[in-house]
Amino acid sequence: MTTRTSTPTAATTDTAAPRHPALTASDPELAGLIGAEERLQADTLRLIPSENYVSAAVLEASGSVLQNKYSEGYPGKRYYEGQQVIDRVETLAIRRAQALFGMDHANVQPYSGSPANLAAYLAFLQPGDTVLGMSLPMGGHLTHGWDVSATGRWFRGVRYGVRRDTGRIDLDEVRDLARAERPRLIFCGGTAVPRTIDFAGFAEIARETGAVLVADIAHIAGLIAGGAHPSPAGHADVVSTTTHKTLRGPRGAMLLSTAEHARAIDRAVFPGLQGGPHNQTTAAIAAALGEAATAGFCSYAHQVVANARTLAEELTARGFDLVSGGTDNHLLLIDLTDKDVSGKVAAKALDRAGIVVNYNTVPYDPRKPFDPSGIRIGTPALTSRGVPASAMSTVATWITAVVEAARAGDEAAIAKVRGEVKDLMDAHPAPGLPVS
Ligand SMILES: *Cc1c(COP(=O)(O)O)cnc(C)c1O
């Protein structure tokens, strides 16, 4: 846990009934740990772009008795009896996913983003077949064919990157690779891509070379749902997404597709890869999709982007070098090469200041992946707390002060920021958490 110097929250001092009464009674040690995590999430400025705060409604659905059911199969085609209600829950989630993302078919059963992507391989490839994806250190995901992943060990991974001069994907490079390597599957999307994904451009390349295009929108699903990023519908054959990042749902995933690929996708998820679906997660996905279809969520998605853009400007004004020069979405990648401090040292100092980020490689990183040159930050979680764009100059000032303090070994400066972060967080309570 980070060093705490400021006043304790109400959660540590008040006499109100515990939030988890049954667990507190039966297992106070574990209840205490969950309470500590609640306080950590309440008190810190969480800038990890893949994290968020779910609503109390999503928490309730994911903690429900749907947990108790086995439901192998799909609605109306189960291997277990007693599915009268579960079928309706899963159908609700499917319908909402189809409507929100404008795709013919939706499978809401993948346990998480990585197994969802593995199901896409199972649906279309044989072992040894070629997959074209974005290189991990350039911003792609492990499951897009990287060596250490099963997807790179069982399939032949070929990778595109970003241009050294622009920090952006070069579709001419992607097209040349696709023509030369003839992949059966092409992935677009990534984990550290601060710019808009050109789904139409990727689709043209996939069509020309006879590949299936998978748009992995794990990071940007909420922005797409809210109209703050172009949609892959009408371009990608398959859309893979987690549900727990900008979409603000439970930890889970979905695979969406055109009608043509519906059967292949469903058979790959079950019985190809998984057993019983996590019904409590399905219910929470339905709840999150319901929330994501509202006008309020649309404003949220646009505010995420506005906050990221403002933060990018404020950091640039303070002399930070951003990969690609800025952002179009929720995510910024800071290159610390000229700051004389590594990404890991900076990330750990920021954590001590109550600002939670992750260290990350930058394209063409001269340092090693376990101590790279960058930090990755994003605005989805702070925007869920209602932190406005006007606060981004303060956030940028804190980051500047802490990175400088990390270089100089000035723990007092870090502690000072920690107190100020706590005050901002107290002014913007997070959804689903106890109010301090
Ligand atoms: C997060 C992410 C995944 C994997 O999701 P997990 O739920 O962590 O397995 C896959 N692809 C992309 C692009 C991601 O950002």
Length added when fully stretched, S299-R156, from 0.36 nm per residue minus Cα-Cα:
47.3 nm
Farthest toward the dipole's positive end in segment 305-436, which of L332, V403, P380, given Cβ charges of +1 (Lys, Arg) and -1 (Asp, Glu) about the Cα centre?
P380
With each label point set 7 Å from Cα along the Cα-Cβ vector, what nm distance links A317 and E411?
3.4
Simple SL model, points at 7 angstrom along Cα→Cβ for F370 and Y79; separation in nm is 4.1
Keeping to pairs on different chains or 8 or more places apart, tell me how many lysine pairs in the chain have Cα atoms under 20 Å apart.
7
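So, by mean Cβ neighbours within 10 angstrom, what's the order for 26-38, 43-55, 81-93 with the highest one leading? Can you show the working numbers first?
Values: 26-38: 13.3, 43-55: 22.2, 81-93: 16.8.
With the highest mean Cβ count within 10 Å placed first, the list reads 43-55, 81-93, 26-38.
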Order of 403-409, 171-177 by packing, highest average Cβ count within 10 Å first?
403-409, 171-177
Using DSSP, restrict attention to beta bridges with both residues in the chain and report what percent are antiparallel, rounded to the nearest 5.
55
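About the Cα centre of segment 303-427, what is the dipole size in debye to 20, counting +1 per Lys and Arg Cβ and -1 per Asp and Glu Cβ, all else neutral?
Numbers: 14 positive and 16 negative charges, 58 e Å.
Dipole about the Cα centre, nearest 20: 280 debye.
Read-outs throughout are calculated quantities, based only on the coordinates presented, and are distinct from any laboratory measurement. What you see is a predicted model; the values in this text were computed from it and never measured. As a convention, Cβ positions derive from the backbone with ideal geometry for all residues, glycine included, and neighbour counts pool all protein chains shown.
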